[in-house]
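S.K.: Quick one: the structure is below, and I'll ask about it shortly.
The values are calculated or read from the model by the stated rules, or taken from the named source; none is laboratory data. Please read all numbers here as calculations on a predicted model, not as lab measurements. Positions of Cβ are generated from backbone atoms using ideal geometry, with glycine treated the same way; all protein chains shown enter the neighbour counts.
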Amino acid sequence: MSERELTFAVLGYGGRGGSFAQMLKLPEFRSRVVAVAEPDDRKRGNAAKLWNLPPDKCFRTAEEFFAHPKMADALINTTQDQMHHETALTAIASGYPMLLEKPMGVSLTECREITEAAERAGLPVIVCHSLRYHAVYDKLKKIIESGKLGEIVSFDHIEGVGTIHQSFSYVRGPWGNEARSTFMLMAKCCHDIDLFQHLFGKKCERVMSFGRLTYFNRAHAPAGAPKYCLDGCPAERECPYHVCKIYVYPPWNGALRDYTNEEMLEILKKDPRGRCVFQCDNDVVDHQVAALEYAGGMTGTFSMTAFHPGGRFTRVHGTLGYAEAAMYGEKNLRLVDFATGSRDEITVPLREGDGHGGGDFLVMHEFTRILRAGGKPDQVRTGVRNSFDSHLVVFAAERSRREKRLVEISELEQEMS
């Protein structure tokens, strides 16, 4: 397998699936897509055109795809969150090594079943926690491991979702309603929680969390606003969430990039993405914080908020030094040495345009490398067991938020035993 071209099937050819598939066009991957399952006719057609796929390799559903014998070396599973469990188990049973978009599943039981199935099968299953691969965080991890910061006492981390991103993904979009997807911390931030486990190598023991949906609700709808923006909203000029500002003139979000402006305007008159952002059926939080305690006494705080320009920022407090990391920007890593007082600003080069500052590219790079090396699960940086452990913390944080109490991780572990 090391020399020949690798073949992939893609389940869910939306933004994430299309992005990963597009990477396979790069010569260093020596790979191609040979089958696709996607319910949207246009997206499926785009995949067929890009990869020259015959009709019998283009499927509307994952069920149709799995009804056929194995037809690729590996699978990219970028289906919607609530489809991960069934499709992942079927893929594993069918013998497919898999790149599985986060989250693994939407319940602890689903995550455990995927983990155990992958381990029994001995297949490499990479959960797409892109932050573990991000160049800035990779550099930060090396600095922590070098001992330059001394013993890590605490950290704080912010995930600035951004108001516009929140509006089109977590209000109007498929992740806005928990019944259709999952809770916000799992849908958006499970790889932030996973990053902490990766950076510090310690087990989280307990968590306390608070959060709520504050702003994106009917109480904040402008006077006279219709249910759909294009029905003539009197607040069009001042509202930052009017659909024309996000999708059309010019498009901020690429979800409708395959359509002309005229087509988009027709779609947005009745599509859920065209609704007034304050009159949707969203119920996930728009801000949440968590306090975490790790083995040995290290503490951390995490904040997810829609009300931020966007980006991830991490501060690490050690006994010998301090570090700041930003996911983007020029001087994206700053260090302070307490003994000398020296302050260093470091630029970590990023691969722009490939998602998460190049993290997505490196996920795919690792996946193809492992496939060419024979597909050994123990070589996977974000394997199912690591992912299950960090998902456990996310479920504990959400339980804490809902029940307004401190939750021990051991409580959930006992439920799974």
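S.K.: Quick one: how many residues across the range 301-325 are touching a strand residue (DSSP E or B) at 6+ places or on another chain (Cβ under 6 Å), buried (at least 18 other Cβ atoms within 10 Å of the Cβ) and more than 17 Å from VAL153 (Cα to Cα)?
M.R.: 6
S.K.: Would you pick out the residues in the range 19-39 that are modelled with pLDDT under 95 and more than 20 Å from the chain's Cα centre (by Cα)?
M.R.: Within the range 19-39, LYS25, LEU26, PRO27, GLU28, PHE29, ARG30 meet the criteria.
S.K.: Suppose we filter the range 43-62 for residues that are in a helix (DSSP H, G or I) and under 24 Å from the mean Cα position of the chain (by Cα); how many remain?
M.R.: Residues flagged as in a helix (DSSP H, G or I) and under 24 Å from the mean Cα position of the chain (by Cα) within the range 43-62 amount to 5.
S.K.: Continuing with this model, one more query. Under the condition of being surrounded by fewer than 21 Cβ atoms within 10 Å (Cβ to Cβ) and of a type in the set (Lys, Arg), which residue from the range 367-404 is farthest from MET98 (Cα to Cα)?
M.R.: LYS404
S.K.: Filter the range 364-395 down to residues that are part of a helix (DSSP H, G or I) and among the polar types (S, T, N, Q) and give me whichever is nearest to GLU411 (Cα to Cα).
M.R.: Per the criteria, the residue is SER390.
S.K.: Right, next: Which numbered condition trips up SER167, out of (1) over 30 Å from LYS245 (Cβ atoms); (2) part of a helix (DSSP H, G or I)?
M.R.: (1)
S.K.: Got a sec? Which strands (runs of 3 or more DSSP E) wholly within the range 291-362 have at least 2 residues that are under 30 Å from LEU392 (Cα atoms) and at pLDDT 95 or above?
M.R.: Qualifying strands (runs of 3 or more DSSP E): 299-305, 311-318, 321-326.
S.K.: Same structure, new question: For ALA223, which of the numbered conditions (1) of a type in the set (A, V, I, L, M, F, W, C); (2) surrounded by 13 or more Cβ atoms within 10 Å (Cβ to Cβ); (3) not in a strand (DSSP E or B) fails to hold?
M.R.: Among (1) of a type in the set (A, V, I, L, M, F, W, C); (2) surrounded by 13 or more Cβ atoms within 10 Å (Cβ to Cβ); (3) not in a strand (DSSP E or B), ALA223 violates only (2).
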